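Before any comments, here is the structure.
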Amino acid sequence: MGLTYQRIVLKLSGEALMGELSYGIDPDIVQSIAEEIADVTANGVQVAVVVGGGNIFRGIKGAAAGMDRATADYIGMIATVMNAMTLQDALERMEVPTRVQTAISMQQIAEPYIRRRAIRHLEKGRIIIFGAGSGNPFFTTDTTAALRAAEIGADVVFKATKVDGVYDSDPRTNPNARRYQTLNYAHVLNKDLRVMDSTAISLCKENNIPIIVFDLSVKGNIRKAVMGDPIGTLVGGLCEVS
Ligand code: UDP
């Protein structure tokens with residue numbers, strides 16, 4: 001397997017784990033994502049996963065309902081740990097060695113986030129799942145993915161979504177919408193394109209970490225992405241539409 005990317009950070013939103021459900025976790029979806037991650041790991045790719053929590057709780061929604069925003073965000077971070085443990089369970093049932101590291105200490109169930117230890121795990125072929133976001137309220141797991149990618153020296157951030165890339169307008173309402181094959185960071189920021197939040201984009205820009213936005217529901221896409229096949233949209237190059 002000719003690898004373009006050796007060490008990746010895969011950002012999985014909570015919604016990706018939800019499948020067609022309206023809340024929570026679809027075990028079949030988690031299983032199929034775990035299989036795809038295991039496949040690339042078996043081929044020598046070092047995989048660190050950052051999981052979201054939007055399928056369970058989002059701080060901003062709690063705040064809109066009158067909760068204290070920071071408290072709501074901490075609850076959101078705890079939600080991501082449930083997802084992290086679920087993914088770990090699916091991987092370990094396939095006998096793939098995995099470690100969960102959390103940014104908020106929960107030592108009975110996971111390791112605390114320790115950067116050097118995370119890198120060591122990756123070098124030993126263990127999949128790392130980062131839970132509890134960055135540990136800070138007012139941030140997102142997208143920003144966490146960019147931050148961890150910079151910290152562990154990842155080659156790329158894979159932003160797995162439900163759409164096959166970034167469009168110049170909404171493809172659901174505009175039949176002439178065109179998908180970008182590549183985009184530069186400045187364009188994403190200036191046009192406020194919904195790739196990841198602006199803090200995440202800025203971190204990737206400053207650290208020259210490319211982002212690949214792709215549809216996770218298409219089987220084999222993670223494998224294609226690590227091999228450099230042009231799927232979805234690559235942020236970090238010039239702007240080209242397909
Ligand atoms: N969160 C946070 N700090 C972080 C990461 C996440 O406070 O560094 C909270 C925030 O409330 C967020 C929730 O955790 O709404 C779930 O994360 P996110 O919305 O990023 O999940 P996703 O949209 O990827 O499912």
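Could you tally up the Lys pairs in the chain with alpha carbons closer than 20 Å? Skip any pair fewer than 8 positions apart unless they're on separate chains.
Summing the qualifying lysine pairs gives 12.
If amide hydrogens are placed 1.01 Å from N in the peptide plane, which non-local residues have theirs closer than 5 Å to the one on residue 4?
HN-HN under 5 Å from residue 4: 227, 228.
If you count, for each residue, the other Cβ atoms within 10 Å and average over each peptide, how do 170-182, 62-74 line up from highest to lowest?
With the highest mean Cβ count within 10 Å placed first, the list reads 62-74, 170-182.
Tell me the carbon and sulfur percent of the accessible area for the stretch 67-127, rounded to whole percent, probe radius 1.4 Å.
Carbon and sulfur: 50 percent of the exposed surface of the stretch 67-127.
Starting from the amide H of residue 100, placed 1.01 Å from N in the peptide plane, find each other amide H under 5 Å away whose residue is 5 or more places distant or on another chain.
111, 129
Each residue of the stretch 222-234 in turn: what ³J(HN,Hα) in whole Hz from Karplus with 6.51, -1.76, 1.60 and θ = phi - 60°, glycine and Pro shown as x?
Along the stretch 222-234, the couplings run 5, 4, 4, 5, 5, 8, x, 5, x, 10, x, 10, 9 Hz.
Summarise the accessible area of the stretch 1-64 (1.4 Å probe, protein heavy atoms) by the percent that is carbon and sulfur.
Percent of accessible area from carbon and sulfur atoms in the stretch 1-64: 50.
In the neighborhood of residue 124, defined by Cβ-to-Cβ distances under 11 Å, what is the net charge if each Lys or Arg adds +1 and each Asp or Glu adds -1?
With Lys, Arg at +1 and Asp, Glu at -1, the neighbours total +3.
In the stretch 1-78, with Lys and Arg counted as +1 and Asp and Glu as -1 at Cβ, which of these residues, 57, 74, 46, has the Cα nearest the positive end of the dipole, that is, farthest along it?
The listed residue farthest towards the positive side: 74.
Run the numbers for residue 173 and residue 114: contour at 0.36 nm per residue of separation, minus the present Cα-Cα distance, in nm.
Roughly 16.8 nm would be gained on extension.
Roughly what % of Cα-Cα distances in the stretch 88-128 sit above 12 Å, to the whole percent?
I get 58 percent for the Cα pairs in the stretch 88-128 exceeding 12 Å.
Per residue of the stretch 193-198, in order, report the coupling 6.51 cos²θ - 1.76 cosθ + 1.60 (Karplus, θ = phi - 60°) as ³J(HN,Hα) in whole Hz, putting x for Gly and Pro.
6, 7, 9, 8, 5, 5
Just the accessible area per residue of the chain, please: how many Å² with a 1.4 Å probe?
Per-residue value: 47 Å².
For labels at residue 241 and residue 22 in the simple 7 Å Cα→Cβ model, what's the distance in nm?
3.6
Taking amide hydrogens as modeled 1.01 Å from N in the peptide plane, which residues meet the under 5 Å criterion relative to residue 181, leaving out close sequence neighbours?
Residues meeting the criterion, in which the H sits 1.01 Å from N, are 240, 241, 242.
Among DSSP bridges having both ends in the chain, what percentage is antiparallel? Round to the nearest 5.
Percent antiparallel among DSSP bridges in the chain is about 20.
Using the crude model of +1 on Lys and Arg Cβ and -1 on Asp and Glu Cβ, and no other charge, please compute the dipole size for the chain relative to its Cα centre, in debye to 20.
460
With θ taken as phi - 60° and the coefficients 6.51, -1.76 and 1.60, list the Karplus ³J(HN,Hα) couplings across the stretch 6-13 in order, rounded to whole Hz; mark glycine and proline as x.
Per residue, the Karplus-derived 3J(HN,Hα) values read 8, 10, 10, 10, 9, 8, 10, 6 Hz.
The values are calculated or read from the model by the stated rules, or taken from the named source; none is laboratory data. The structure presented is a predicted model; accordingly, all values stated were derived computationally and were not measured. We place every Cβ from the backbone using ideal geometry, glycine too, and count neighbours over all the protein chains shown. Note: areas computed on protein heavy atoms with side chains; ligands, DNA, RNA excluded. Shrake-Rupley method; radii C 1.70, N 1.55, O 1.52, S 1.80 Å.
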